[in-house]
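Just so you know, all these numbers are worked out from the coordinates, no wet-lab data involved. Here the structure is a predicted model, which is why all the values come from computation and not from measurement. Every residue, glycine among them, receives a Cβ derived from its backbone with ideal geometry; neighbour counts consider all protein chains shown.
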Amino acid sequence: MNIFRLAGDVSHLVAIIILLLKIWKTRSCAGISGKSQILFASVFVTRYLDLFTIFISLYNSSMKIIYISCSIATVYLVYFKFKATYDGNHDTFRVEFLVVPVGGLSFLVNHDFSPMEILWTFSIYLESVAILPQLFMISKTGEAETITTHYLFFLGLYRGLYLINWIWRYYFEGFFDLIAIVAGLVQTVLYCDFFYLYVTKVLKGKKLSLPA
Amino acid sequence: TSEERDKDEL
């Protein structure tokens, strides 16, 4: 564990908590893509199945439990409790265009052709594109609530910090995991456009609005 | 350098 990975995990946790609190406090999931939240929940479920098979550390297990429970709670809030505020008309990204190629690729490119490893690989590839429905929804509505932009900022930052962690580990430990690195790069690059808008608009107190 | 998966990473 190094400081970049710890900062990444904290950033990820902050993002998940921000979203959960935003929906719970405002009792509304306006502007939130339920499809992305379903993808994130499946990312965690498929990646953390080893929660029941191997114990790595208290930190590792507790973070996995927190991620899985918060993401499932978020999906529940969006599709059940605050369903009336769910903006389905703008959450129209065809997720099958993500899940099918990702599913196929995880069978072709993986570290080991075993069920757990293929599920882990599927989860890594899926996570790299899971934010697309959310970004697509923002491009369709042409704007995002400021709290939602903070959620996206920390969510995008987390994998960017992991990338630094992997550079650090390659340099000092000679460790590298090409699957995680390539997927992490794709994932972080997808946020670049958002990061630019976040820094130039939201951090200057303006509302994030895309040229519709 | 060795390319492998780290099960410790989240």
Take each uninterrupted DSSP H stretch in chain A, measure its Cα extent along the helix axis, and return the ones at 24 Å or beyond whose mean Kyte-Doolittle hydropathy is at least -1.0. A:3-26, A:58-76, A:146-173
Percent RCO, i.e. relative contact order, over chain A, from Cα pairs under 8 Å lying at least 6 residues apart: 31 percent
Order of A:T148, A:T188 under a 10 Å beta carbon neighbour criterion, fewest first: A:T188, A:T148
List the residues, sorted by chain then number, that are 5 or more residues from A:A144 or on another chain and whose placed amide H is less than 5 Å from its amide H. A:L208
For A:F176, residues with placed amide H under 5 Å, excluding near neighbours: B:S2, B:E4
Working from the alpha-carbon coordinates of segment A:132-180, get Rg over Rh, Rh being the Kirkwood radius. 1.20
Segment A:148-212: D in µm²/s via Stokes-Einstein (Kirkwood Rh, Cα pairs, 10 °C, 1.306 mPa s)? 122 µm²/s
One quarter of the C-alpha convex hull surface, i.e. the mean projected area of segment A:87-185 in nm², amounts to 7.6 nm²
Could you identify which residue out of A:L49, A:L20, A:L161 has the top mean-square fluctuation in a GNM of chain A using Cα springs shorter than 10 Å? A:L49
For n ≥ 4 DSSP H runs only, could you compute -39500 (n - 2.57) per run for the protein assembly as shown, divide by its residues and tell me the 222 nm figure to the nearest 500? -21500 deg cm²/dmol
From the C-alpha gyration tensor of the protein assembly as shown, square roots of 5λ in Å: 29, 19, 17
Once you average over the residues of A:169-181, how many Cβ atoms of partner chains fall within 10 Å of each Cβ? 3
When a/c is below 1.5 the answer is rounded, else prolate if a/b is larger than b/c, else oblate, so apply that to segment A:1-118 with a ≥ b ≥ c taken from the square roots of the Cα gyration tensor eigenvalues. oblate
Label-point separation in nm, A:T26 to A:V109, each point 7 Å along Cα→Cβ: 3.6 nm
